[in-house]
Each structure stands twice: as structure tokens, then as C-alpha cells.
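First the structure, in the form of C-alpha cells, and then the observations on it.
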């Protein structure tokens, strides 16, 4: 290292020495600058920056907030107190967890109470109730010892098993007292003796009429082909109901049967079954189904002249009986009667068609006039309570409404002569009752009686003629004997009634008459009754 001489400027020649020193310094500085410029000329410059264009929408989303040109940390600079940077405040949750307890803000360290002799405060329990909130309330509680036994716990010593005695040792080894062996033998003999005596007594007191028996049980299958009585009854019975007619508070009432003919709840029955309900609004009608369901039935309408009526029940999806054609029946066809005779619900009887187109006159109930209708005669058992029930054919279709019987006495039961109203006629009347609540019948305007035995002409003899009626307008007089209505023979007054009602109101029908030994035919325009 070179040092400049200590030159006093006041001495002669000092300025020349200073000038030489400055010139030498400038020469050295120039040489250094020339060397640095030569080094920079040999080094490559930085690559120019490529700044792609920025989407204005993205710049609005990701750019700095308005008014901020520098880094983001400038927005959140630490707090300063007296020129000292302070850390930001701690989160409230951490401050609450780690701050000093209330009243100890100025205490830096506190000696434990055990060292000072003070009793520490008891910690409050986690819960105050009797139930453990951390345990499943449905879990079972088990009381047992510790999972791991302590080392110092004394384990009880196990006794080694004793030697088992053999029979020779018991008998001859004097290991058991002889008295005990004798006593054991006596007990065994007594037990055997008592058992033998009981067996002998049981065998001796028995006779040849008692004892065990071997019974052969048959497992043959029941044959119920389609069309059998059992198969038809199973299908048809749910559509036949029992009708109970009674007045609330009364000790007794009436009972009959009915047939469900329409899914809306219409039930067809006999008029004499519900006659008391038609006369007294206080009388109630209850329909009882095969499953025991009971429901109130409302009277739709009744026709005393044909002994038919319709009631309605409010039920959902009832079983409805299919209606057949009674005109297709022949004598000898198999039929079944289903109803509730003598309150025995859903009783089934079978028989045949004994006769067809049988005019029947049945006495009216409670002073009502007699009822005349054309019936199917059958030998299927029909009794009181079957009235209004179903008469079905071999396919299970409705062919008649059971209505009356002939019996040996006033209160007698079935003797094999029963009558049913044909389904063709019964359904016609039911439709009129459902539509209008009443029925209009064709009327000829006369009163007649059957001719007496021995008369030269068999038919219905005219007793009187209604003035201005259809018969009077046609020229029919008292004493005339009507022998034919249309194509139907008339042999008595009952056949005259059913022959007239077989036609419609306003229809013109030819009527054959016998008068004073002469026969002639007149045209009669039927009126309404």
C-alpha cells in the first residue's frame, strides 16, 4: 500500500508534489473505467420482456383494488405504537382460550396452592344428572372386576381333583360303610317293587273295550269341478245378503234376503220383506254380508202388486250377481236357492225346475191385497227367510227371486214346492223402481173370477166392468168369459192378471171372449193401473 508523503503546503515545492499526486490518481481512475467498459461490451444484455395483452374483464376481477399501486401487504401493514411495529390482534377464540383468568391480568406467575398450603377449589362436575350423557342410553350396564388383575392379588389355590372310587373299592375296599350299601340296596328294591305294582294294577283294571286304536285317515282330494254346487255356491254366495227389518227399541223384527244386482249398491228383494219399512219411516233395514259386514239399507221403492222392491247400500266394490235369462229355462234344469232361511245366513239348497209360467196368488201381509205373479216352481228347499234370495241356474246366473212356498200348514216349512219370480220380469220391475221409485202396470179395467167346475168354457169370467175403462170401450160386458189375451191362454183369474201385466201400458192386444155360446175377439187398448 502506498502512502503519500507528509507535505506541508507552506513549504517550497509542496504544490508541485500535490499536482503530481492528483495526476497519478486521475490516470489510475481512467484505466479502471476503461477496463469496466471493455467488460460490459463483452457481456450480452437481457432478453426483452414479452408482456401479452391483459383481458379487461380479468383485470377487473384479479387486479389490485382501486388506489393501490404497490404490494397487497401495504394494506395490512402492522400497527405501530411509538414507532414500534406491533403484531395484529389474536383471533377472539384464541384470546378467550389462552388469556389470563379474570382478576389476574397483572399477575405473571402464580405459585400453586399446594405450595402455599391452601386447599384447591373442587372442579365442578361435567354433568349434574344421574344419567351419563356420553353413554348410549340403550346400552346394557355390566358390573365386573378390573380388566387386568393386580400383580399383588393373591390367586386362590386350586384343589387337585380327588381320586374316583371304583366298584371293587366301594364294595371290598372298605371305602364306604356296609350300612350305607345295604340301605342303598333296600331303596332300589322298594322303587322296583312300587313300579311293578303300578304296572300290574294298570294292566289288571283295563278291559278289552279300551286301549290304543289305529285309525285309517283318508287323504282323497275333493272334486269340485266347474259347475258343481260347491263351486257355484262359492262364487254366488257373496252377492246374496241377509236383510234385517226392525224398529229401534222393538223386541223383534222381520228377516229376509236380497240380491246385489248393481255395483252402485242396489239390492233386489221381495216387497213383503220391507213392507213395514215402507209403511213406517222409523223402521230400519240393515244389510248383512257374508263376511259379517253390516250396513244400513235405504228403501228405493217397492211394488206390492208384483211383490218386488229395491233397497240401496253404500258399499265399495260389492260382489254383483250376473243376471241370466229365465225364458231359457226348461223343466228339469238344475237350480240352487241361496238365502237366509230362519235367520241362517247364506244357506244353499239345490233342486230342479218343477214347472214354468205358474200363476201364483199369495196372500198379502198385514191386510194387504193378494199378490199375483207368474212364477218358477222348484223343489229346492225354500223356507221363511229365503224370501228375496237368489234362484240361480247351473252357471251361477240369477234366474229368479225366491218369493213363496206351499206348505202343509200356516207355519209349516218346505215340502218341496217353492216359487220364484222369473228374473226377466223381476229385472224389468227393478229398473223401473230404480228410475222412478214406482211401477205402472197395464190394466184392462175389469174384475173377474175363475169359472166354476163343470162350466162349458174354462177361463176368467167378467164380474164387473169399470165405466169408461179399456174393457168397456172395447165392448166387453159382465158375464163374458175371457179365454185368451194375445197369444196366451187364460184358464183362471190369476192367468188373466199375469197375461195382462205381460204387456205395456197403451198397447193394443186382441182379447178372445165367449158370450152366450159364441166366441169372438175384440181389440183392447190397455190403460195404466
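See the values below:
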| item | result |
| --- | --- |
| Mean-position separation - Cα centroids, the stretch 176-202 and the stretch 220-279, in angstrom | 73 Å |
| Debye intensity ratio I(q)/I(0), log10, the stretch 342-405, q values 0.15, 0.22, 0.27 Å⁻¹ (C-alpha model) | -0.50, -1.02, -1.33 |
| Ordering of 417-423, 287-293, 440-446 by packing [mean C-beta count within 10 Å, highest first] | 417-423, 440-446, 287-293 |
| Gain in span if fully extended, residue 464 to residue 60, counting 0.36 nm per residue against the direct Cα distance | 133.7 nm |
| For the stretch 229-436: rounded, prolate or oblate by the Cα gyration tensor [a/c cutoff 1.5] | rounded |
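No lab work stands behind these numbers, since they all come straight from the coordinates. None of these values were measured; they are calculated from a predicted model. Cβ atoms come from the backbone with ideal geometry, glycine included; neighbour counts cover every protein chain shown.
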